[in-house]
1. Can you give me the ranges of the helices (runs of 4 or more DSSP H) entirely in segment 207-255 with at least 1 residues that are in contact with a Leu (Cβ under 7 Å, 6 or more places away or on another chain) and among the small types (Gly, Ala, Ser)?
2. Any residue at all in segment 36-50 that's among the charged types (D, E, K, R), surrounded by fewer than 18 Cβ atoms within 10 Å (Cβ to Cβ) and under 19 Å from the mean Cα position of the chain (by Cα)?
3. I need the full set of residues from segment 91-138 which are within 27 Å of ALA59 (Cα to Cα), modelled with pLDDT under 95 and part of a loop (DSSP other than H, G, I, E, B), in order please.
4. Just for segment 109-132: of the residues that are surrounded by fewer than 23 Cβ atoms within 10 Å (Cβ to Cβ) and aliphatic (A, V, I, L, M), which one is farthest from ALA163 (Cα to Cα)?
5. Would you check if VAL38 is assigned to a helix (DSSP H, G or I) and either under 27 Å from SER245 (Cα atoms) or in contact with a Phe, Trp or Tyr (Cβ under 9 Å, 6 or more places away or on another chain) (or both)?
6. Is it fair to say PRO125 is more than 23 Å from SER181 (Cα to Cα) and either among the basic types (Lys, Arg) or out of contact with any Cys (no Cβ under 8 Å at 6 or more places or on another chain) (or both)?
7. Out of everything in segment 168-180 that is surrounded by 24 or more Cβ atoms within 10 Å (Cβ to Cβ) and not charged (D, E, K, R), what residue ends up being farthest from ARG231 (Cα to Cα)?
8. Kindly establish whether ARG117 is in contact with a Cys (Cβ under 9 Å, 6 or more places away or on another chain) and of a type outside the set (S, T, N, Q).
Amino acid sequence: MIIDAHAHSDEYEALGWYDPPEKVIKLMDEAGIDIAVVTTYSEEPGPAPSLSNLEQYVAKYPDRLIGFPRMNPRYGQEAVDIFERAIKNNKHMRGLKLHPISNAVKPFAPFSLQLIRKAGELGVPVFFHCGDRALAQPFQIGKAAEKCPDTTIICHMGGYFHAEDSISVAQKHDNIVLDTSSTPYLDIIRKAIEVLGPERVVFATDNPAGDPISELEKIRMLELPREVEDRILWKNIAEILNIESLIHNQRLVWT
């Protein structure tokens, strides 16, 4: 069993986005990935059909895709209300995506914290884009984690130049989980496992921007004990999303 904790699918020609779910699933199949968490490039609320697109994708492929609505904190309570309805009314929606660079809202800004706390109340995680650019660096996300200790926050290992920072921040905040995408350094992934423990690292590819085959090979090259590799490749994210009991014969079977 392999679960990709971070992938993208969206179709909005006005902005040049065309990554239909079939493209994502084809890349999953080539790598041998069973299930992927998907989010859109566009945000809700907004001019693009972000949430409706995501709802269609997870409805069409319920055994392969799990949705994380991508929200724009600038809309305040409206964004919170839309997100809450999406989670409560659709069992295929299991988390929240925030991208501070695209909406220019700091991770620890009040409107962001509203959404993060709501996710915690609903029992679902928040996935943050985390990298080298301002507004989405590890210490900024750490401030959000500190203010929302009851919410699980998943983020990249800090891009190319802030990977060490992402591990340091996660050490300070035990509600932060790191994903393995967006870093090419095997030693960084190994260090994250050793410092944080294997329970706080999840496999991810950033499909289709990232190549699922090479992202998976990074994990294989670590030559981890089988129980540790299984935890990173699927068990951790399955527990976070509360779907472990729904997985049968490498597929999601919703009840």
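The values are calculated or read from the model by the stated rules, or taken from the named source; none is laboratory data. In this text the structure is predicted, and so the values were computed from the model without any measurement. Note that we place each Cβ from the backbone using ideal geometry, even for glycine, and neighbour counts take in every protein chain shown.
1. Here the list is empty.
2. Filtering segment 36-50 for residues among the charged types (D, E, K, R) gives 43-44.
Those still in the list that are surrounded by fewer than 18 Cβ atoms within 10 Å (Cβ to Cβ) too: none.
No, the conditions are met nowhere in segment 36-50.
3. HIS129
4. Among those that are surrounded by fewer than 23 Cβ atoms within 10 Å (Cβ to Cβ) and aliphatic (A, V, I, L, M), it is LEU122.
5. Working: assigned to a helix (DSSP H, G or I): no; either under 27 Å from SER245 (Cα atoms) or in contact with a Phe, Trp or Tyr (Cβ under 9 Å, 6 or more places away or on another chain) (or both): yes.
When the stated conditions are applied, VAL38 does not pass them.
6. Details: more than 23 Å from SER181 (Cα to Cα): no; either among the basic types (Lys, Arg) or out of contact with any Cys (no Cβ under 8 Å at 6 or more places or on another chain) (or both): yes.
No, not satisfied.
7. Among those that are surrounded by 24 or more Cβ atoms within 10 Å (Cβ to Cβ) and not charged (D, E, K, R), it is VAL169.
8. Judged against the criteria, ARG117 is a match.
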